[in-house]
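As structure tokens, the structure follows; a few thoughts come after it.
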Amino acid sequence: MDRSLQFPPVEFADKSGLLAVGGDLSLPRLLLAYKEGIFPWYGEDDPILWWSPEPRLVLFPDALHVSKSLDKRLRRKDFSVTMDRDFAGVLKACATIRTEQGEETWLLPEMIRAYQKLHEAGYAHSVETRDREGQLCGGLYGVSLGRVFFGESMFARVSDASKVALVHLVRQLDAWGFDLIDCQVQTDHLMRMGAVTMGRRRFLSILKESLKHPTLKGPWRPDLEPDSMHRKRA
């Protein structure tokens with residue numbers, strides 16, 4: 001391994017989860033970071049910041065909670081759902097929707113370029129939801145290594161559009177035998193859908209075992225029938 005790419009041991013992260021500062025967003029560094037449970041997250045005026053939070057928010061694919069209202073939404077088929085059809089569009093929407101709402105976005109131009117390269121290399125994936133007119137109205141993207149999917153960001157311009165994307169992703173990952181979805185940091189929204197907190201040591205143990213399996217590189221295409229997306233509801 002190129003020693004210049006190495007990160008400090010994750011146990012060195014401070015209470016906020018901040019582990020390291022600096023470096024670059026090259027493909028080798030990003031892949032190494034995700035393999036070690038580390039991800040970049042920083043603002044416009046910051047250097048590159050690398051994080052390994054404790055605890056970690058995760059979602060087991062077979063533990064997804066779909067509410068009655070969301071289940072009805074899925075049954076109505078208000079949205080069409082695709083995978084890896086418009087990664088650039090999802091990435092751009094995740095960035096712009098926050099600025100439109102007056103919030104700061106961490107998806108800076110160099111971050112967008114970095115994740116686009118990950119996508120082109122087959123490691124980053126998107127799920128898109130479109131309305132009945134075919135307009136992109138929601139979606140999410142993340143990174144996949146071994147049997148772990150690292151969720152990065154999601155957006156919705158129409159109510160439930162991102163939740164529908166998440167349900168389709170989780171059901172598909174479950175069918176493909178994935179072990180875990182990394183949600184990074186705690187949010188009430190994801191916890192209502194079944195995500196739980198996990199200590200860093202256990203998370204890294206599961207990640208280590210999951211990385212022993214081949215990575216399912218893209219482009220991804222779903223192989224589940226649409227009607228199976230509401231087959232489970234807690």
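The values are calculated or read from the model by the stated rules, or taken from the named source; none is laboratory data. Keep in mind that what you see is a predicted model, and the values were worked out from it rather than measured. We place every Cβ from the backbone using ideal geometry, glycine too, and count neighbours over all the protein chains shown. These accessible areas exclude ligands, DNA and RNA; they are computed on the full protein's heavy atoms, side chains included. Shrake-Rupley method; radii C 1.70, N 1.55, O 1.52, S 1.80 Å.
List the trypsin sites (Lys or Arg not before Pro) within the stretch 85-167 that fall in a DSSP loop (any state other than H, G, I, E or B) and whose Cβ has at most 16 other Cβ atoms within 10 Å.
ARG132, ARG157
Dividing the convex hull volume of the Cα atoms of the stretch 1-159 by its residue count, what figure in Å³ per residue is obtained?
Value for the stretch 1-159: 141 Å³ per residue.
Specify the residue with the greatest mean-square fluctuation among SER210, SER67, SER153, computed from a Gaussian network of the chain linking alpha-carbon atoms under 10 Å apart.
Fluctuation is largest for SER67.
With each run of n ≥ 4 DSSP H residues scored as -39500 (n - 2.57), what mean residue ellipticity at 222 nm is computed for the chain after dividing by its residue count and rounding to the nearest 500 deg cm²/dmol?
My calculation for the chain gives -9500 deg cm²/dmol from helical runs alone.
Find the eigenvalues of the gyration tensor of the Cα atoms of the stretch 14-74, then list the square roots of 5 times those eigenvalues as equivalent ellipsoid semi-axes, largest first, in whole angstrom.
Each semi-axis is √(5λ); the values are 32, 13, 13 Å.
For Cα pairs less than 8 Å apart in space and 6+ apart in sequence, what is the mean separation divided by the residue count of the stretch 47-198, i.e. the relative contact order in percent?
36
In square nanometres, what is one fourth of the surface area of the convex hull spanned by the alpha carbons of the stretch 46-99?
7.0
Of the heavy-atom accessible surface of the chain (probe 1.4 angstrom), what whole percent is carbon and sulfur?
50
For the stretch 43-122 and the stretch 136-189, what is the separation of their C-alpha centers, rounded to whole Å?
Spelled out, the Cα-based centre of one part sits 7 Å from the other.
Indicate the gyration tensor shape class of the stretch 92-226 (rounded, prolate or oblate), computed on the Cα atoms with a ≥ b ≥ c the square roots of the eigenvalues: a/c under 1.5 is rounded; otherwise a/b larger than b/c is prolate and the rest oblate.
It is rounded, given that a/c, with a ≥ b ≥ c, falls under 1.5.
Would you mind calculating the relative contact order of the stretch 22-123 from Cα pairs under 8 angstrom and at least 6 residues apart, reporting the percent as a whole number?
In percent, rounded to a whole number, it is 31.
Return the loop-located GluC sites (Glu not before Pro) in the stretch 37-144 (DSSP other than H, G, I, E, B) with at most 14 other Cβ atoms within 10 Å of their own Cβ; answer none if there are none.
Taking the stretch 37-144 and a limit of 14 other Cβ atoms within 10 Å, the loop GluC sites (Glu not before Pro) found are GLU44, GLU103, GLU104, GLU133.
For LYS35, go through the lysines and keep the ones whose alpha-carbon is under 26 Å away, minus same-chain ones fewer than eight residues off.
Within the straight-line limit of under 26 Å, LYS35 reaches these lysines: LYS15, LYS92, LYS117, LYS208, LYS212, LYS217.
For the chain, what is the accessible area per residue in Å² when the probe is 1.4 Å?
Here the per-residue accessible area is 49 Å².
Length gain on complete extension for the stretch LYS217 to VAL196, per 0.36 nm per residue less the alpha carbon to alpha carbon distance?
4.9 nm
Expressed in nm to one decimal, what extension gain is obtained for the pair ARG157 and GLU103 from 0.36 nm per residue of sequence separation less their Cα-Cα distance?
17.9 nm
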